[in-house]
Amino acid sequence: MYKMELGKMERYEKIVVRKFHHVVAVSESDRALMTKWVDGDRVTSFRPLWDLAGIPTCSRCAGTRAVVTFVGAWMDWEPNVDGVEYFAREIWPAIKADCARSAVADRGAKSRRA
């Protein structure tokens with residue numbers, strides 16, 4: 001069953017990764033996989049306590065509303081819950097301070113859309 005789920009998720013991620021200008025992967029191994037699908041400069045990985053200055057900026061976003069999207073199962077998998085909570089607590093405030101018009105969009109399975 002897990003092998004089938006892995007195949008489904010990989011096909012889905014392959015499609016989704018190609019839709020964005022830049023993707024932040026949660027591990028170096030995820031980054032390595034994603035760079036098989038898109039140019040390597042479009043994917044950044046992070047380690048806990050990462051430096052936001054190391055994340056590339058996109059000149060196309062200047063003066064527009066930047067949207068950070070979480071694509072994943074919200075409450076189905078504890079690591080996703082932990083990751084989103086960490087993001088909201090430690091990372092999002094710095095993004096919001098730098099770009100007041102930024103927003104978060106939740107588009108994962110069982111998302112908490114308003």
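Listed by position, the strands (runs of 3 or more DSSP E) inside segment 14-99 whose residues that are at pLDDT below 85 and outside the structural domain of residue 2 (by TED's automatic domain parsing) number at least 2 are 67-70. Of all residue pairs spaced 6 or more apart or on separate chains, those with beta-carbon atoms under 6 Å, a first member in segment 25-42 that is small (Gly, Ala, Ser) and a second member that is in a helix (DSSP H, G or I) are 25/31; 25/34.
The values are calculated or read from the model by the stated rules, or taken from the named source; none is laboratory data. From a predicted model like this one, the values you see are computed outputs, not experimental measurements. Every residue, glycine as well, gets a Cβ built from its backbone with ideal geometry; the counts of neighbours run over all protein chains shown.
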